[in-house]
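Structure first, commentary second.
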Amino acid sequence: MDAHRRPSVHARLVRRPLNGGDWPAGAHPPGLPGSDLHVWRIDLSACDGSGGDALLSPDERARAERLVNAEARARFRCARIALRRLLSEYLRVPPGDLTMEYGEHGKPRLVSARGSDGAGDALPFFFNLSHSGGLALCAVGQLGEIGVDIERIRPLSYPGGLARDHLSPEERRLRSDWETPAARPEFFRIWARKESILKAAGLGLSRPLNRVDTIRGELDGRSWWLMDLFPGEGFTGAVACARKPETVRQWSWR
């Protein structure tokens, strides 16, 4: 599907019911994604980060050290170690040998070995990582840019005010009770969709969230395929992709 065509809303935003069987345990990728999209759930609470720091690049270790909270540092390391191990399984490259570069707004990409000019070539292999609380999600594909986001559904003092500031008028019309605690799960679902599109576009939070249209899956005139994810009780997530995959396959990384 051409990412710039305007298919129906129902073709663009896929919603799935919460089902614990959607995340079977997996120790190894079944092969390259091809025309599919692979999403991995990673339990960061099952990892203490020990023994894996040697796999991280100097910039990853430096980013971890800049985090003030010890738990946040451990979870950042665990998420990056799991990412490198997972990508190494797909590409059959030692995890410590993977080279990443970062876009203007911090989105990582894999590059080949650097040439004499110090630059590497981007590989036709796309991934994105997000973590919140004790869970992470990693999306892997070959159909173009990917963005994934996971959000822990947490108490909000002013959900109505946040909805007015960050949701579009169409999104706010989805329900009338944004001021109540009952609206929190929907608010975080929409937030995850917005962040997944922004991350797929490589923009991070450099655009106001109310400019991201999750009803149509659009940002700055470009369309994105978008799907809700349900990684576990108390969490919500979303994944965005430049092209519609044939199938989305989900596992829990072991």
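Output the residue which, of all residues in the range 150-161 that are of a type in the set (A, V, I, L, M) and under 23 Å from residue 74 (Cα atoms), is most open to solvent (accessible area, probe 1.4 Å). Filtering first and then ranking leaves 153. If you go through the range 66-97 and keep only what is of a type in the set (Gly, Ala, Ser), farther than 17 Å from residue 253 by Cα and open to solvent by less than 60 Å² (accessible area, probe 1.4 Å), you end up with 72, 74, 96. Could you tell me which residue of the range 34-50 is most open to solvent (accessible area, probe 1.4 Å), considering only residues that are at pLDDT below 85 and assigned to a loop (DSSP other than H, G, I, E, B)? The selected residue is 48. If you go through the range 174-204 and pick out every residue that is without any contact (Cβ under 8 Å) to a residue 24 or more places away in the chain, surrounded by fewer than 19 Cβ atoms within 10 Å (Cβ to Cβ) and of a type outside the set (D, E, K, R), you end up with 4.
Inside the range 51-65, residues that are open to solvent by 60 Å² or more (accessible area, probe 1.4 Å) and over 22 Å from the mean Cα position of the chain (by Cα) make up a count of 4.
Determine whether the range 4-20 contains at least one residue that is assigned to a helix (DSSP H, G or I), β-branched (Val, Ile, Thr), open to solvent by 40 Å² or more (accessible area, probe 1.4 Å) and at pLDDT below 80. Within the range 4-20 (the criterion being assigned to a helix (DSSP H, G or I), β-branched (Val, Ile, Thr), open to solvent by 40 Å² or more (accessible area, probe 1.4 Å) and at pLDDT below 80), the answer is yes, since at least one residue qualifies.
From the list 178, 191, the one residue that fits, being part of a helix (DSSP H, G or I) and among the hydrophobic types (A, V, I, L, M, F, W, C), is 191. Screening 141, 134, 115, 147 for residues that are open to solvent by 10 Å² or more (accessible area, probe 1.4 Å) and modelled with pLDDT of 90 or more leaves exactly one candidate, 134.
The values are calculated or read from the model by the stated rules, or taken from the named source; none is laboratory data. Please read all numbers here as calculations on a predicted model, not as lab measurements. Because the Cβ atoms are built from the backbone with ideal geometry, glycine has one as well, and the counts that use them run over all protein chains shown. Calculation scope for accessible area: heavy atoms of the full protein, side chains included, ligands and nucleic acids excluded. Shrake-Rupley method; radii C 1.70, N 1.55, O 1.52, S 1.80 Å.
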